[in-house]
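Inspection log for the structure reproduced underneath, given as structure tokens.
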Amino acid sequence: MKECPLCSFCFEDAVSLCPNDGNKLVFSRHGTRMILDKYRLDSLIGRGRMGVVYCATQLVLMREVAVKVLPTELLNNPNAINRFHTGALAVAKLDHPNIIKIYDYGALPTGGAYMAMKRLKGHSLAQEMAFVRQMPFMRILRIMQQVCTGISVAHENYVVHCDLKPDNIILDNVDGQELIQIVDFGIARLREVSNSGILYSVHTGTAEGAPSYMSPEQCLGEKLYYTSDIYSLGVILYQMLTGVVPFDSSIGADVALQHIKTPPPRPSQRRPFVTPELDQIVVKALAKSPKQRFQSAMLLLEVLEPALQESEEAFLKTEEKAKRSIKPTMELYKNTNPLDLEMSQLIRDSIEKGDRITSPLPSPPFKVPESVTTANPEFSKIVALVVDDDADILETFTAIFENIGAQIITATDGEDAWKKIKQTQPHLIISDIIMPNVDGWQLFFRCRVDSFLSETPFIFITGRDIEEEKIVALEQGAEDYWIKPVVVLEVTVRLKRLLKRISKNLA
């Protein structure tokens, strides 16, 4: 079987060039696209150390599934085949919404084995963290709630994952609700129960897993218990809080040595608003001794919830103080003649001084030169989505877009916005960052990984005047990053320029 290196679609060996893009096909795996006449491999999803995952069709039900097979180089490796089988058995024992569901398992005549699983269409936590360096505290809590619940069920069924990392945590969307699933139990251990009732795991003598997320005992190749997964959860939590893993090096052995010997820096050293309580929770999860860690994922979650909420409250209080300290220097509530010389001079002076207008725009509060605000017929088909929990901001942008002739839909947070996107696909998105439920960064990330929205211009409008965050947003593909309060005239001019570009693309 061959695959296209560009579009990742799969083809039989007789095909030389991809019919989609004309690229030369490359070898993918021995045999045909068919798996025991039950599954047809359609496209490559990804390759890992212990398996290759394809998007496939289950022919009898015409259902889209994910099929994982052993890499070609491991087909004759008995240990690899045994681990693959163990991983399938581990997942098959578990039936929980936060754990990937396996449909089928079997041996292949060409060697190795396969497992068919539910096809997930979301993105990984690793992908999200690539966009959001330090995740909002409440976002971290929502993720940890589902991850801890899922891994707790695995532990209750005597399964230790052994490879917990952001790549193996998938954030999916089911019926408008986020569903997080733990995947890739490829090197999982099935713990056994002795006659005395003590849980134990087979000693492998080798260190397996991703070095940045491995527990000290895993680095040493020792017996692994559920507390090894708790350590990995601690690393993931640390990374979501600070944007970095506690120990990092280009040399895996150096990372392993740090896990074994070096105390991790406290998260508060790398991020403000991390409370001493939250610091202590992370440090305990990353304890070198398994006995000193939390003894279950649910115990970790129990103390994590109030600690993250406390950090969020501290952050919001600071944000509120910052907002109150910003006072508009102009308040223009009455319509004036657009050619009024006094008004024109006032506007020019305001822009030169850097003054900002935050007042709601009922009419709007002033009329800028007609060339700026005159409705353009070309914009009538353009739909802009504005997302903000501030009613004044929504009112302001509603007036602006109505004046220049474009359509506008509004939402009060990212979750509300996502529902409206499903109803009407916008051509432009303007979003605040700090909002309840799904925040602006999460909405931005969802749009970037969605094939229909990835090229949609996305503008952040926020009171967070943080230069580093602005640079990250622009580097990750944001159209612009506006700091509240804004100059209405400037925003109007910028929007008309952007809408002209969008209009040309729609033509």
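Rule-based calculations on the coordinates, nothing more; no lab input. A quick note: this is a predicted structure, and the numbers were derived from the prediction, not measured. Note that we place each Cβ from the backbone using ideal geometry, even for glycine, and neighbour counts take in every protein chain shown.
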Considering the dipole of the stretch 123-321 built from charges on the beta carbon (Lys and Arg +1, Asp and Glu -1) around the Cα centre, which of Met129, Ala285, Ile180 is farthest to its positive end? Ala285
The set of residues whose placed amide H lies less than 5 Å from the amide H of Gly46, leaving out same-chain residues fewer than 5 positions away, is Val53
The stretch 2-118: Rg/Rh from Cα coordinates, Kirkwood Rh? 0.97
Within the set Lys118/Lys419; Lys24/Lys121; Lys24/Lys118; Lys68/Lys101; Lys101/Lys223; Lys223/Lys288, which residue pairs have Cα atoms separated by over 21 Å? Lys118/Lys419; Lys24/Lys121; Lys24/Lys118; Lys101/Lys223
Can you compute 3J(HN,Hα) from phi for each residue in the stretch 80-91, using the Karplus curve 6.51 cos²θ - 1.76 cosθ + 1.60 with θ = phi - 60°, rounded to whole Hz and x for Gly and Pro? 5, 5, 5, 5, 4, 5, 4, x, 5, 4, 4, 5
Return the long-range amide H neighbours of Lys484 (sequence gap of 5 or more, or a different chain), with a cut-off of under 5 Å between placed amide H atoms. Thr462, Gly463, Arg464
Mind putting a number on the dipole of the stretch 385-507 about its Cα centre? Charges go on the C-beta only, +1 for Lys and Arg and -1 for Asp and Glu, and I need it in Debye to the nearest 20. 740 debye
Please work out the Cα center distance from the stretch 113-184 to the stretch 260-283, rounded to the nearest Å. 23 Å
